[in-house]
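Have a look at the structure below before the remarks.
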């Protein structure tokens, strides 16, 4: 269902909205990579008592927060609704109820302002987070996306155009970190907790398994290392667990990072790309950033990492991806819906 809006040669100022999980975020982006504002309302404290995100609670909080967050982003950017040229919003994948809040708000706002909107693929947003930091990064290149829900290696053939080379067969890397942290008795979200403990531990103390899969060897599997962690904790005493917690965290983290690095290196050698971008929440992991840099230096590949503030879910990355969708006239329609799963392939991310 198309709708008429005031067309322009250049949609320079974008209001972006992200509500795919447990953070309500809005951002004003100019020219595709100039972040004039970024506001994130986190629900972490509320979900911590449950040990993870409760979808119904997340949706309710998005409804309560979205207007406040959007107005705060406009105020921070010193802009008004009338200044905005277009709206970009995450349409999926993610929690459907949470996504619907952002999608509905974006469509209503665009319709009332007579401006276009675009529905952005969440992973495309993560990949595009590097455009906010690295103006020189341009397709084609190889990208590793590692977050709570996704672990994949893809060729970025053009803006918003991807060819998947490897993906997860079970738990994503971020999910493995969070579930591992729960087994260790650490608070949610567990990735950052493991990262901090690991800095004080011995990564070689425990030899956790690294999965090498049959078939597509660029695919990931982290369920085995999670099971190995549980078995290790079960067979030691509570006192021994407490004494060796840092070593356990460091060894567990190393097993996950090692697989991410080795698979990515294999993909780089296979495709011969000389540029690699890493994105997603796990891209903030200090050990992963260091190990990837060492690997890239060893094979003469340029590594692109987003600033830490752009690693997690945020609206700025959605605005960056939306910028290129608008340039390609990939406008959203009024019957566009939120989706919990959208494949990221060679087709357009509409």
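The values are calculated or read from the model by the stated rules, or taken from the named source; none is laboratory data. Since we're looking at a predicted model, the values are computed, not measured. Every residue, glycine among them, receives a Cβ derived from its backbone with ideal geometry; neighbour counts consider all protein chains shown.
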Determine whether residue 88 is surrounded by 24 or more Cβ atoms within 10 Å (Cβ to Cβ) and either more than 22 Å from the chain's Cα centre (by Cα) or closer than 14 Å to residue 67 by Cα (or both).
-> no
How many residues are in contact with a strand residue (DSSP E or B) (Cβ under 9 Å, 6 or more places away or on another chain) and assigned to a loop (DSSP other than H, G, I, E, B) when one looks only at region 197-228?
-> 8
Could you tell me whether any residue of region 200-213 is within 20 Å of residue 304 (Cα to Cα), out of contact with any helix residue (DSSP H, G or I) (no Cβ under 7 Å at 6 or more places or on another chain) and surrounded by fewer than 22 Cβ atoms within 10 Å (Cβ to Cβ)?
-> no
Identify the residue in region 144-164 that is touching a helix residue (DSSP H, G or I) at 6+ places or on another chain (Cβ under 7 Å) and within 19 Å of residue 295 (Cα to Cα) and, among all such residues, is surrounded by the fewest Cβ atoms within 10 Å (Cβ to Cβ).
-> 155
Taking residue 194 as the residue in question, decide whether it is in a loop (DSSP other than H, G, I, E, B) and buried (at least 18 other Cβ atoms within 10 Å of the Cβ).
-> no
Residues 223, 250: which one is under 22 Å from residue 189 (Cα atoms), assigned by TED's automatic domain parsing to the domain that holds residue 200 and modelled with pLDDT under 95?
-> 223
Qualifying residues in region 165-174 (those that are touching a helix residue (DSSP H, G or I) at 6+ places or on another chain (Cβ under 9 Å) and surrounded by fewer than 23 Cβ atoms within 10 Å (Cβ to Cβ)) - the one farthest from residue 255 (Cα to Cα) = 165
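Please specify each residue of region 108-125 satisfying the condition of being surrounded by fewer than 21 Cβ atoms within 10 Å (Cβ to Cβ) and closer than 23 Å to residue 10 by Cβ. Even if it seems obvious, please write down each step before you answer.
Start the filter on region 108-125 by keeping residues that are surrounded by fewer than 21 Cβ atoms within 10 Å (Cβ to Cβ), which leaves 108-109, 111-114.
If the condition is that a residue be surrounded by fewer than 21 Cβ atoms within 10 Å (Cβ to Cβ) and closer than 23 Å to residue 10 by Cβ, then 109, 111, 112, 113, 114 are the ones that fit.
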On the given criteria, is residue 231 surrounded by fewer than 20 Cβ atoms within 10 Å (Cβ to Cβ) and at pLDDT 95 or above?
-> yes
If you go through region 298-310 one residue at a time, do you hit one that is assigned to a helix (DSSP H, G or I), touching a strand residue (DSSP E or B) at 6+ places or on another chain (Cβ under 8 Å) and surrounded by fewer than 21 Cβ atoms within 10 Å (Cβ to Cβ)?
-> yes
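Rundown of residues vs (1) at pLDDT 95 or above; (2) surrounded by 15 or more Cβ atoms within 10 Å (Cβ to Cβ); (3) out of contact with any helix residue (DSSP H, G or I) (no Cβ under 8 Å at 6 or more places or on another chain); (4) part of a helix (DSSP H, G or I), yes/no style:
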position: 242; (1), (2), (3), (4): yes, no, yes, yes
position: 255; (1), (2), (3), (4): yes, yes, no, yes
position: 291; (1), (2), (3), (4): yes, yes, no, yes
position: 321; (1), (2), (3), (4): yes, yes, no, yes
position: 336; (1), (2), (3), (4): no, yes, no, no
